[in-house]
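Below: one structure, written as structure tokens.
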Amino acid sequence: MLARPALADDFSRAEVFGGYQYTRIGIAPGENANGWNGALTGYVRPWFGVTADFSGAYRAIGPVNLRAHTYTFGPTFAHRGGRLTPFAHVLAGGFHASAGFQDIGAGLNGFALLAGGGLNVEATRHLAVRLFQADWLLWRGAGVTEKKNARISAGIVIRID
């Protein structure tokens with residue numbers, strides 16, 4: 001098998017991320033939620049890509065089930081150097097939050113903004129571990145802006161040439 005020469009444009013064209021997320025909604029009293037986070041990033045340059053990020057966070061408070069889903073899109077900036085790839089992004093889109101008790105439920109849709117970044121550690125050419133991704137999260141819906149939220153994610157990144 002022949003080794004591929006390292007060229008300036010020899011980088012992963014796409015990355016698929018999937019993993020766990022912890023979300024803190026509000027400061028005091030605030031709520032903690034657990035869930036999932038997934039993203040697809042297409043890179044047009046080694047340092048610049050466009051990301052589509054989706055997540056779900058869930059919390060039960062007694063008999064009431066709370067759910068929050070986000071769908072955001074935007075630019076991602078990465079610094080590729082050796083096995084470590086730090087990245088930063090600003091993603092905008094929407095959210096859907098809902099609460100349910102037995103057969104009764106209510107939902108709210110609105111604007112979502114995520115700003116943050118993280119660190120991927122290469123395991124193989126096509127597999128990396130996202131050690132962390134930390135995001136500040138803003139939600140705006142029904143005339144209310146909630147900006148004291150944070151999300152932390154970790155998981156696996158599959159790299160596609």
query = For residue 161 and residue 31 in one chain, what is 0.36 nm times their gap in residues minus the Cα-Cα distance, to one decimal in nm?
reply = 42.8 nm
message = Apply the Karplus curve 6.51 cos²θ - 1.76 cosθ + 1.60, θ = phi - 60°, to the phi angles in segment 13-21 and return the couplings in whole Hz, x for Gly and Pro.
response = 7, 8, 9, 10, 10, x, x, 8, 9
key: Stretchable slack from residue 102 to residue 64, in nm (0.36 nm times residue separation minus alpha-carbon distance)   = 12.9 nm
query = What are the residues whose amide H is under 5 Å from the amide H of residue 149, where those residues sit 5 or more places off or on another chain and H is modelled from the backbone?
reply = 26, 137
remark   = Cα-based Rg and Dmax for segment 23-71, in Å, come out at 15.1, 49
message = Could you derive backbone 3J(HN,Hα) for segment 115-130 from the dihedral phi with the Karplus parameters 6.51, -1.76 and 1.60 (θ = phi - 60°), listing whole Hz in sequence and x where the residue is Gly or Pro?
response = 9, x, x, x, 9, 9, 10, 5, 9, 9, 4, 10, 9, 9, 10, 7
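The numbers here are math on the coordinates, done by the rules we state, and not lab data. No experiment lies behind these values; they were computed from the predicted model shown.
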